[in-house]
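The values are calculated or read from the model by the stated rules, or taken from the named source; none is laboratory data. Computed from a predicted structure; not experimentally measured. Don't worry about glycine lacking a Cβ; one is built from the backbone with ideal geometry, like all the others, and counts go over all protein chains shown. Note: areas computed on protein heavy atoms with side chains; ligands, DNA, RNA excluded. Shrake-Rupley method; radii C 1.70, N 1.55, O 1.52, S 1.80 Å.
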Amino acid sequence: MTRRDRPRDGAGFDLESVRRIQRSYGTWAPLYDWFARATSSIGGVRAGCVAALDLDPGDTVVEFGCGPGVNLPALREAVGPTGHVVGVDITGPMLDRARSRVARHGWENVSLVRGDATTPPISAVDGVLATFVTSLFDDPYAVVSRWCGLADSVVVANFVPRGSRPANAALDLFVRLNGRLFDVESADALSLLDERTADSRRALVDCMDEVASEEYVFGTIAVNAGRRSPEHSARE
């Protein structure tokens, strides 16, 4: 059975992709939690993502694919004590770790929701963040386009398979080792990664009023930020 033949939900998304992500991230939740915390400040990616959201105190921001919650502190700082942070993830073990982090710090303005980012359980918000998530989807363009209908600011961080040869080799190895997670059927794993990254940005360009892009870590990570003008606010 090919990806095109797989059963899909009412929104047209691949149900097998959901199960694949749940299995893979559920198994590796402890290791992923450690890795995410250990690399949280490398290259300034996390700070760049939060800055690109351009949040104000009192805003509501949603992170799709929040995982174990390593981005929550930076998002809380951006919206302040009167704001609200919502973390959405489809994998139970990841959310368990995020809940433990929230409880340990006593964060009362953080909510965690188990849900599918392709069919968001969220209405209008001020900002949406997704870091290294859209590469998991068969159709990133459709997913990101849907997010653009929810918020005035959407920021997506992705791996970019170009730049130095060592960086490309590392990305290629990473995708191949996680072939089931990325659903790689092509012999050229980097081309698939590049295509999904490009589709994510194209959705922002088509759906938002302006898009700004920044590269980090020798050009291997791209942060694309789409913003809606005040007159086109999703919250109006």
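Descriptive notes on the structure:
- All conditions but one from (1) open to solvent by less than 60 Å² (accessible area, probe 1.4 Å); (2) touching a helix residue (DSSP H, G or I) at 6+ places or on another chain (Cβ under 8 Å); (3) outside any loop (DSSP other than H, G, I, E, B); (4) modelled with pLDDT of 85 or more apply to Asn168; the one that does not is (4).
- Residue in region 143-156 that is farther than 22 Å from Ala52 by Cβ and open to solvent by 20 Å² or more (accessible area, probe 1.4 Å) present: no
- Of all the residues in region 194-236, those that are of a type in the set (A, V, I, L, M, F, W, C) and assigned to a strand (DSSP E or B) number 6.
- Given (1) at negative phi; (2) among the small types (Gly, Ala, Ser); (3) modelled with pLDDT under 95, number of the condition Gly67 does not satisfy: (1)
- Residues satisfying the stated conditions in region 200-214, i.e. of a type in the set (D, E, K, R) and either under 14 Å from the mean Cα position of the chain (by Cα) or open to solvent by less than 10 Å² (accessible area, probe 1.4 Å) (or both): Arg201
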